[in-house]
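The values are calculated or read from the model by the stated rules, or taken from the named source; none is laboratory data. Bear in mind the structure is a predicted one, so any value in this text is a computation, not a measurement. Note that we place each Cβ from the backbone using ideal geometry, even for glycine, and neighbour counts take in every protein chain shown. Areas reflect the complete protein model, heavy atoms only, side chains present, ligands, DNA and RNA absent. Shrake-Rupley method; radii C 1.70, N 1.55, O 1.52, S 1.80 Å.
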Amino acid sequence: PGDYNEAPALFKRNGRYYLISSGCSGWNPNAARSAVADSIWGPWKSLGNPCRGTPEENATTFRSQSTYVLPVPGKPDAFIFMGDRWHAENAINGRYVWLPIQWDQDRPILKWQSEWALSLFAR
């Protein structure tokens, strides 16, 4: 709300719509933004940066930009954040970041994990 956003990753949980996006900074990663609304048409309430890590990780969304949120089949509250890692000098070398979305009450949270398994969602 009130910002210019790009890279929208929209998903629905418990009847509410969630959005993870980023600011507009071209090839340079920036801090993620999150928001929630009861209707896809809004009004949207800002939830701030969902990243929880080092200051550099928080400021760059773990050196990525949101691209999609993947619902985990068979797990109604389980979602995977997918982020692009682009390299302007070598675009063919783009990579991806996949992180499980954790929750702090009704706020999506992203924490860096170099390795994780789908069994994380079995809890």
Considering only strands (runs of 3 or more DSSP E) wholly within the stretch 1-85, the ones with at least 3 residues that are touching a Ser or Thr at 6+ places or on another chain (Cβ under 9 Å) are 6-13, 16-22, 32-37, 45-48, 79-85
Under the condition of being surrounded by 10 or more Cβ atoms within 10 Å (Cβ to Cβ), out of contact with any strand residue (DSSP E or B) (no Cβ under 6 Å at 6 or more places or on another chain) and acidic (Asp, Glu), which residue from the stretch 82-121 is modelled with the lowest pLDDT? Asp106
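Within the stretch 68-81, can you find the residues that are crowded, with 16+ Cβ neighbours inside 10 Å and touching a helix residue (DSSP H, G or I) at 6+ places or on another chain (Cβ under 7 Å)? Reasoning before the result, please.
Going residue by residue through the stretch 68-81, those that are crowded, with 16+ Cβ neighbours inside 10 Å are 68-69, 78-81.
Passing the criteria: only Ala78.
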List pairs: first in the stretch 87-104 and on the phi < 0 side of the Ramachandran plot and of a type in the set (A, V, I, L, M, F, W, C), second open to solvent by 50 Å² or more (accessible area, probe 1.4 Å) and at pLDDT below 95, Cβ under 7 Å, 6+ apart or cross-chain? Ala88/Trp27
Could you give me the residue pairs with C-beta distances under 8 Å whose first residue belongs to the stretch 36-53 and is aliphatic (A, V, I, L, M), whose second residue is outside any strand (DSSP E or B) and open to solvent by 40 Å² or more (accessible area, probe 1.4 Å) wherever it lies, and which are 6+ apart or on separate chains? Val36/Trp44; Val36/Asp106; Ala37/Pro43; Ala37/Trp44
